[in-house]
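Quick notes on the structure that follows.
Where a number appears in this text, it was derived from the coordinates with a stated rule and is not lab data. Source: prediction; values computed, not measured. Every residue, glycine among them, receives a Cβ derived from its backbone with ideal geometry; neighbour counts consider all protein chains shown.
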Amino acid sequence: MIAHAPVAPRQGPSTPEELLTVPQVMARLQLGRSAVYDLLRTRQLALITLGRARRIPADALADFILTRLDQEAA
């Protein structure tokens with residue numbers, strides 16, 4: 001039997017599986033639509049625009065949450 005080493009997660013740009021819609025971000029942050037769009041407009045939360053669709057990388061959401069936690073702890 002051959003043992004395979006675990007494959008490390010790919011580093012680099014987000015894949016479609018890692019891109020969230022505005023309603024998904026609303027649900028995860030338990031915020032309303034306007035609040036999420038305000039975060040996007042003020043660039044507190046990064047986004048990718050594909051035509052008229054907006055997608056938020058999951059990593060950007062995680063970074064936003066960690067930053068807010070650090071600010072609250074200070």
Q: Return a yes/no flag: does the range 35-49 have any residue that is under 18 Å from Glu18 (Cα atoms), surrounded by fewer than 10 Cβ atoms within 10 Å (Cβ to Cβ) and of a type outside the set (Lys, Arg).
A: yes
Q: Residue by residue through the range 30-62, note down the ones that are of a type outside the set (S, T, N, Q), free of Cβ contacts under 8 Å to residues at least 12 places away in the same chain and either touching a His at 6+ places or on another chain (Cβ under 6 Å) or in a helix (DSSP H, G or I) (or both).
A: Arg33, Ala35, Asp38, Arg41, Ala62
